[in-house]
Amino acid sequence: MKPETSTPRSADQAPKTERRGFLGVAAAGLAGILLAPGVRLIEVAQAASPGTDSAGASAKVRWGMLIDTNQCKPGCTACVTGCRTENGLPENPGPTDTQYIRKIEIKDVKSGRQHSLPMMCQHCAEPPCVDVCPTGASFKRADGIVLVDKHICIGCRYCMMACPYKARSFVHEPVSNQKPDVPRGMGTVESCTMCVHKVDKGESPACMTACAAAGFNAIVFGDLNDPDSDISKRVAQYATRQLREDLHLDTGVRYQGL
Amino acid sequence: MKHPLLLLLGLLIGGAVQAADPPASASRVPQPVVEPARSGQCVEPPELMRRNHMDYLKHQRDDTMREGVRGAKYSLKACISCHASQTTNSVAAAKTNFCISCHSFAAVKVDCFECHATQPTQNASSFYPLVHPSGVTAELSRQVRQQTVPAPAPTPN
């Protein structure tokens, strides 16, 4: 049998609205049940850490960097030195010593055009290092910064193999005289932290500061999610590239002029 | 004949109980050397800190590391800046320093300082890149701090 289509609209309006009303009430009730514990958990979490300087990493923020390779001067290593000083890394590194940031020179073989650019952890939105980590030591913060939790890192170095940017280093030797803000020790993997200890204080990473102090301003740091930030405006205005876009990692570090 | 024997037994037991009393044994057991803290009040009473400091630190380390919550109550950096020794400027450089003296007394290995700095944040020193905590320059710098040697004038930049 066909449902009666000739029924006047007003006749079935009443039950429909009733049902809709019931669904609405049910949804509100469910939302109340589901949301209330979540809200409370957040409140508890915030109340558990009174007097803190920062409320913690926010998922609304996506920290990123834009590197203008046209401004980056070949042979200049101000960012590398600034990084080493800030993070307490050895000043004259050996071949197996840690590097958070390094300078590379690349050349297009056909045109002969040369670029100089800094390479570091690209702080991917889909980080392969996090995918492969067997202990969960490699992780991404809510604000997009990729870090190693050295408390649970077992030094297996899978993340080093997984990273397409060769961004991570293994600490082979015992370390002493660390910076209080940058704990690092033998047997763990480490990489650029985007100077997370400074970022949490509202400051900029050391490489950016060093580059600006050297007068090049090739590195811009900021929130990629905030349309009014300097970095977002520049990313919107100029052609920028992520390295190895084909891997779809959605990197937080972008390059202009490549 | 029975009475003196009982008396002797009583004396012997009494002596044994006396020997087991804490005041009598305290002098024979080495106690950890606890260097006084630099200033102020600790974040919790000492009884709580002795028993629970590792839990406080472990809980907060995850909050700080994973969630980015900075400056909360139980911070290893704050421990170190208050408890660093006046002589070595560290909590773990010598056997008598704050963390090490108790941990060696309790025979508990402390792993924190495999990675974490044992010294408070250093202010800009004229020696800065040369100073190593165990070296000769460090000893000199310590003497300068204690003002047994006149401090060199800072180099103009």
Open item on the list: Could you tell me how many of the residues in segment B:50-106 are part of a helix (DSSP H, G or I), among the aliphatic types (A, V, I, L, M) and away from chain A (no Cβ under 14 Å)?
Closed with: 2
Open item on the list: Tell me yes or no: at least one residue of segment A:198-205 is under 16 Å from the mean Cα position of the chain (by Cα), away from chain B (no Cβ under 14 Å) and farther than 23 Å from residue A:131 by Cα.
Closed with: yes
- [ ] For segment A:152-185, enumerate the residues that are more than 13 Å from residue A:90 (Cβ to Cβ), crowded, with 17+ Cβ neighbours inside 10 Å and of a type in the set (Lys, Arg).
- [x] A:168
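Inside segment A:159-194, can you point out the residues that are of a type in the set (Asp, Glu) and away from chain B (no Cβ under 11 Å)?
Filtering segment A:159-194 for residues of a type in the set (Asp, Glu) gives A:173, A:181, A:190.
If the condition is that a residue be of a type in the set (Asp, Glu) and away from chain B (no Cβ under 11 Å), then A:173 is the only one that fits.
Within the bounds of segment A:240-251, is there any residue that is of a type in the set (Asp, Glu), in the same structural domain as residue A:75 (by TED's automatic domain parsing), in a loop (DSSP other than H, G, I, E, B) and touching a strand residue (DSSP E or B) at 6+ places or on another chain (Cβ under 9 Å)? Don't jump to the end; show me each part of the working.
Step one: of segment A:240-251, the residues of a type in the set (Asp, Glu) are A:245-246, A:250.
Keeping just the survivors that are in the same structural domain as residue A:75 (by TED's automatic domain parsing) gives A:245-246, A:250.
Going one step further and asking which of them are in a loop (DSSP other than H, G, I, E, B), we end up with A:250.
Subset that is touching a strand residue (DSSP E or B) at 6+ places or on another chain (Cβ under 9 Å): none.
The answer is no, given that none of the residues of segment A:240-251 is of a type in the set (Asp, Glu), in the same structural domain as residue A:75 (by TED's automatic domain parsing), in a loop (DSSP other than H, G, I, E, B) and touching a strand residue (DSSP E or B) at 6+ places or on another chain (Cβ under 9 Å).
Does residue B:124 fit the bill of being surrounded by 17 or more Cβ atoms within 10 Å (Cβ to Cβ) and either modelled with pLDDT of 60 or more or assigned to a loop (DSSP other than H, G, I, E, B) (or both)? Before the answer, list the steps.
Working: surrounded by 17 or more Cβ atoms within 10 Å (Cβ to Cβ): no; either modelled with pLDDT of 60 or more or assigned to a loop (DSSP other than H, G, I, E, B) (or both): yes.
For residue B:124, the condition - surrounded by 17 or more Cβ atoms within 10 Å (Cβ to Cβ) and either modelled with pLDDT of 60 or more or assigned to a loop (DSSP other than H, G, I, E, B) (or both) - is not met.
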- [ ] Select from segment A:95-131 the residues that are touching a Ser or Thr at 6+ places or on another chain (Cβ under 8 Å), under 27 Å from residue B:63 (Cα atoms) and either of a type outside the set (Phe, Trp, Tyr) or within 14 Å of chain B (Cβ to nearest Cβ) (or both) and list them in ascending order.
- [x] A:98, A:99, A:120, A:121, A:122, A:123, A:124, A:125, A:127, A:129, A:130
Task: Scan of segment A:43-86 for residues that are more than 24 Å from residue A:179 (Cβ to Cβ), modelled with pLDDT of 90 or more and among the acidic types (Asp, Glu), ordered by number - done: A:68
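Which residues, taken from segment A:141-153, are outside any loop (DSSP other than H, G, I, E, B) and within 10 Å of chain B (Cβ to nearest Cβ)?
Just the residues of segment A:141-153 that are outside any loop (DSSP other than H, G, I, E, B), to begin with: A:146-148.
Hits for segment A:141-153 are A:147, A:148.
Among the residues of segment A:68-117, how many are of a type in the set (A, V, I, L, M) and exposed (fewer than 11 other Cβ atoms within 10 Å of the Cβ)?
Of all residues in segment A:68-117, those of a type in the set (A, V, I, L, M) come to A:78, A:80, A:89, A:101, A:104, A:106, A:109, A:117.
Okay, now just the ones that are also exposed (fewer than 11 other Cβ atoms within 10 Å of the Cβ), so A:104, A:109.
Here the count works out to 2.
The values are calculated or read from the model by the stated rules, or taken from the named source; none is laboratory data. Predicted model, so just to flag it, every value in this text is computed and none were measured. All Cβ positions, glycine included, derive from the backbone under ideal geometry; neighbour counts span all protein chains shown.
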